[in-house]
Amino acid sequence: MTLGLSLALLGAALATIFAGIGSAKGVGMATEAGMGVLSEDPSKFGKMLVLELLPGTQGLYGFIVSFMILLNVGVLGTPQDISLYTGAMYLAASLPVAIGGLISGISQGRAAVAGIALVAKREQEFSKAMVSTTLVEIYALLAFLVSFLTVMNIA
């Protein structure tokens, strides 16, 4: 295995690992809060579930970028001998979704916890809680787009 391929694989791993950590932490925090609400009022399950799931998208974005890197370097077929420069480009391309996913996943989890607390007291405010939690998603999506578009344009 060449150093270039090793760097590309490191990039794929970082995208999945860090975005996944962000999502796991965010979903975990929201789920803990949601379970507290459900212990008092099980009828709010659907609304809690939506708020708990929102921080999970970052992990999906990291996985997609990783998958695209693996496809591009041939790991899912016949591995290619890629240059050090190309491997470094794949590594650099993975960083926005890795770092952005980590930070936004945790931040979105915190926003979801606040939204869950709002819905626990005022169920009719669910749409406000959902919109506020979704605002954090914009930054995860931007990080994903930068990584995805960069990976797609590495020759």
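The values are calculated or read from the model by the stated rules, or taken from the named source; none is laboratory data. Note that the coordinates shown come from a computational prediction; the quantities given were computed from them, not determined experimentally. Backbone-built Cβ (ideal geometry, glycine too); neighbour counts: all protein chains shown.
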Filtering region 75-99 down to residues that are at pLDDT 90 or above and of a type in the set (Gly, Ala, Ser), which residue is nearest to the chain's Cα centre (by Cα)? Ala98
Has region 125-141 got any residue that is buried (at least 19 other Cβ atoms within 10 Å of the Cβ), within 27 Å of Met68 (Cβ to Cβ) and of a type in the set (A, V, I, L, M)? yes
Leu10 being surrounded by fewer than 18 Cβ atoms within 10 Å (Cβ to Cβ), under 24 Å from Val151 (Cβ atoms), at pLDDT below 95 and not charged (D, E, K, R): no
So, in region 21-56, exactly how many residues are farther than 17 Å from Ala129 by Cβ and in contact with a Ser or Thr (Cβ under 8 Å, 6 or more places away or on another chain)? 2
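Of the residues that make up region 72-91, is at least one of a type in the set (Asp, Glu) and either touching an Asp or Glu at 6+ places or on another chain (Cβ under 9 Å) or under 17 Å from Glu137 (Cβ atoms) (or both)?
Looking for residues that are of a type in the set (Asp, Glu) and either touching an Asp or Glu at 6+ places or on another chain (Cβ under 9 Å) or under 17 Å from Glu137 (Cβ atoms) (or both), one finds none in region 72-91, hence no.
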For Met1, indicate whether it is touching a residue at least 60 places away in the same chain (Cβ under 8 Å), among the aliphatic types (A, V, I, L, M) and surrounded by fewer than 21 Cβ atoms within 10 Å (Cβ to Cβ). yes
Going by the conditions given, is Glu32 out of contact with any helix residue (DSSP H, G or I) (no Cβ under 7 Å at 6 or more places or on another chain), in a helix (DSSP H, G or I) and among the charged types (D, E, K, R)? yes
Looking at Val37, Val50, Val27 in this structure, which one is aliphatic (A, V, I, L, M), crowded, with 22+ Cβ neighbours inside 10 Å and assigned to a helix (DSSP H, G or I)? Val27
Single match in Phe144, Phe67, Phe148, Phe63 (criterion: more than 14 Å from Leu5 (Cα to Cα), surrounded by 21 or more Cβ atoms within 10 Å (Cβ to Cβ) and at pLDDT 95 or above): Phe144
Within region 126-138, is even one residue among the acidic types (Asp, Glu), in a helix (DSSP H, G or I) and under 15 Å from Gly22 (Cα atoms)? yes
Go through region 68-93 and give me each residue that's in contact (Cβ under 8 Å) with a residue 40 or more places away in the chain and not aliphatic (A, V, I, L, M). Asn72, Pro79, Gln80, Asp81, Ser83, Tyr85, Thr86, Gly87, Tyr90
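Condition check ((1) in contact with a Gly (Cβ under 8 Å, 6 or more places away or on another chain); (2) in a helix (DSSP H, G or I); (3) farther than 28 Å from Ala12 by Cβ; (4) among the small types (Gly, Ala, Ser)) across all residues:
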residue: Leu76; (1), (2), (3), (4): no, no, no, no
residue: Met89; (1), (2), (3), (4): no, yes, no, no
residue: Val113; (1), (2), (3), (4): no, yes, yes, no
residue: Ala117; (1), (2), (3), (4): no, yes, yes, yes
residue: Leu141; (1), (2), (3), (4): no, yes, no, no
